[in-house]
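Down below is the structure, laid out as structure tokens.
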Amino acid sequence: MKNFRTILGKEFRRVFTDYRMYLALFLPGFLIFFVYTIIGNVVSDTIVNRTYEEVTYRVAYSDNHGSILPNGEPSLLNAITSYVNASETEKGCKVESESFPVSELSSYQDKLINGEFDIVIAFDDNFEALVAASSAVHPNISIYYNGNSDNATHLYQVVSSIVPTLYNTYTVNMENGEDIDPNISSGDSTARQVMSMIFPMITITLLLSSVMSLCPESIAGEKERGTLTSLLITPTRRSDIVLAKITCLSVTSLLSGLVSFLGVALSLPKMMNGLSFTFPIETIIALFFLILSVLIFFVLIASLVSVLAKSVKEATGYLGPLMGVLIFLCILPSIADMSALGWAFVPLLNIATSMSLLFTSPAASVVFFVCTILSNLVYSGLLLLAISKLFNNEKVVYSN
Amino acid sequence: MIVNNEGRSLLLPAQMSNAKTMNELNIQHLCKEFDLNSKQQKSRKTDSKVLKAVDDVSFSPRPGEIYGLLGPNGAGKTTTLRMIATILTPTSGSISFNGKDIHQNVNDYRRKIGFLTSELKLDAFFTPDYTFQYMSRLYGVDEETITKRKALLFGKMGIEEFKDVKIKNLSTGMKQKVSLAISLANDPDVIIFDEPTNGLDIIAAKAVEDYLLDLKSEGKIIIISTHIFSLVEKLADRVGILIDGHMQLEGSLKEITEETSLENVFFGLYDRVKGGRVE
């Protein structure tokens, strides 16, 4: 253990007294912050803050809503009109509306496609009364819009944001081809959906990048320069050398990953135009363990590749395509359902899926999370054994 | 007197009277084979999938003497030294130190050896001072001894003046001096030096030669490999000539050079083995 500490000390000294290493470690995080912030500002200026002046929005709604307002219109229409009148980005805009019998919904959908309306709203029978009575029955509201029209898309976004506030979404389901989870009733849900897609990919890519910038240098670089041989002729157990290197790489990569994560976390709200999100402490702790788990896994994979490679260039060459495969695995949970428990035993895919589930359905992800952590521990142990074995193999270690 | 692969030399060891310790290093029937891939087979113009780099080499360097391993490039000198330094494992044969196979307790043996080769490099980012301390700690040397050894070796090699300069900023000669000092940090009983004066200027080379003689008088077992005849003639007590992985000649320098110079002996052997071909 004494030699483990000595080598660990030297490895840290190597990293933290070299300004180039600081750049490699911390620059990506700062760059991410600046790039994402700039992208956010540009998006905000061009799309989110776009003004819709003197537009006439045409709304069709079914007449079965069971109005509780004196004018007989649905309260949603009132809210839309109030919003348009009050909004500074909708100067001179008007809302025209038309009611229709719910039995004619399909013909109004056709009119929507033909551009006669921007949005068509279909209520369940007696919708307003059921909402007002906080009934156990959850009435449905279907909203259709023509995605080819900018105005229609914008109006749909306005309506989507009004519905949960207006009706208290605990009692309302909203349809437009996609369901809103009645348990999530604010903009938080959008943030969670976005985070479940973005977080695994960005986090894993950032961690892998920082591991890639350190691992080949620490192992293949030492092999290439002949400094590893100097270490191997000393009376030091190979396992001490491997553990010291991996500990240092994990800690420094984690630091680098945290800086990158901070960059993402600080710039993401700007990128998402102020959408905020809150997570319970358990989710944050679970995320920490997942990040730690994936980090150790990456360090071990990159170390294995670096031990087998003859030079830094060769190691980087092998790790490049590997990164592509890993990123693909990270994207997979956002395009396909990977929540079956069996996927918890597929390395990396399990991490990406676990992260995704933590954002979308935290309660359902507990078993998946536990299986992910345990299986990754087993894989990491096996990789560690393999690396230690390779360090004893003269064909591999002295391949130069 | 010629002894070929039959264990101990028939000649008397030199300088034994000065030996303070009686360590014993025995190298017996050492063989090392390397696998060749198809590319290597092609470049070597051979169909064999195996390269025998060292073939049945035996010798026993003794305390208080310098053993010179002489041979052309590719003769197997470095491979032999690497096996003695535990970097490579012999395909067959044995190396024993004080009667015990060195692989029985390899770390215990490593504590007692000092190895220097041009392929062993120092981390360019650190200073000689830190590197000496770091390597000494790995050998289990206590802090007080590290300070004393550092003062002694840095003084002898003239490292003091650049001990705080990063190794990447040192000249080849300076680096070689630092490597030498570090290889002796643990006060080893067995010193294995591959081309020890390579890259050194004449003054530094002389200092190293003198220091090797000092170490010899302390009873250390010293093995040096080189292709410089004059260095062997100046330092070695016994000589082994390796050609094509075989120990072609082994004996005391005095006896080997009784009738003619070491250079003539070497080229006579080389011509006999290679049939007059120079490779």
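Since every read-out is calculated from the coordinates, none of them should be taken as a lab result. These numbers were taken from a predicted model, which means no experiment stands behind them. Don't worry about glycine lacking a Cβ; one is built from the backbone with ideal geometry, like all the others, and counts go over all protein chains shown.
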Original post:
Just for the Cα atoms in the protein assembly as shown, what are the lengths along the principal axes, largest first, rounded to whole Å?
Top reply: 127, 54, 41
Original post:
With each pseudo-label sitting 7 Å past Cα toward Cβ, what's the A:SER103-A:LYS91 distance in nm, one decimal?
Top reply: 4.7 nm
Original post:
Given N residues in chain A, what is Rg(Cα) / (2.2 N^0.38 Å)?
Top reply: 1.30
Original post:
Given just the C-alpha atoms of chain B, how large is their convex hull per residue in cubic angstrom?
Top reply: 142 Å³
Original post:
What helices in chain A pass both tests, a Cα length along the helix axis of 27 Å or more and a mean Kyte hydropathy of -1.0 or higher, using whole DSSP H runs?
Top reply: A:19-43, A:188-218, A:238-271, A:281-308, A:312-335, A:366-391
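Evaluate the relative contact order of chain B (contact order divided by residue number), counting alpha-carbon pairs under 8 angstrom at least 6 apart; express in whole percent.
29 percent
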**OP:** Quickly estimate the mean residue ellipticity at 222 nm for chain A, helices only: each DSSP H run with n ≥ 4 gives -39500 (n - 2.57), and the total goes over all residues, rounded to 500.
**Re:** -21500 deg cm²/dmol
Original post:
Is there a pair in A:LYS313/B:LYS166; A:LYS310/B:LYS166; A:LYS2/A:LYS310; B:LYS52/B:LYS177 whose C-alpha atoms are over 31 Å apart, and which pairs would that be?
Top reply: B:LYS52/B:LYS177
**OP:** May I ask for the percentage of alpha-carbon pairs in segment B:36-94 that lie more than 15 Å from each other?
**Re:** 60 percent
Subject >> Burial ordering of A:VAL211, B:VAL57, A:VAL259, fewest other beta-carbon atoms within 10 Å first >> reply: A:VAL259, B:VAL57, A:VAL211
**OP:** Determine the percent antiparallel among the DSSP beta bridges restricted to segment B:142-279, to the nearest 5.
**Re:** 55 percent
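Need one number: % antiparallel among DSSP beta bridges in chain A, to the nearest 5.
That works out to approximately 30 percent antiparallel.
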**OP:** With a point put 7 Å past each Cα toward its Cβ, work out how far A:ILE38 is from B:PHE34 in nm, to one decimal.
**Re:** 5.0 nm
**OP:** Enter the Cα centre distance for the pair segment B:33-110 and segment A:1-40, rounded to the nearest angstrom.
**Re:** 41 Å
Subject >> Cα-projected label distance for A:ILE331 with A:PHE345, points at 7 Å along beta-carbon direction, nm >> reply: 2.8 nm
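Expressed as a rounded percentage, what relative contact order does chain A have, with Cα pairs under 8 Å and six or more residues apart?
Reported relative contact order: 19 percent.
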Original post:
Just how many % of Cα pairs in segment B:238-279 lie over 11 Å apart, if you round to the nearest whole percent?
Top reply: 64 percent
Subject >> Contour excess over end-to-end distance, with Cα ends at B:GLU233 and B:SER171 and 0.36 nm allotted per residue >> reply: 19.5 nm
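Given R₀ = 22 Å, FRET efficiency for A:LEU266-A:TYR22 by Cβ-Cβ distance, to 0.05?
Calculated value: 0.65.
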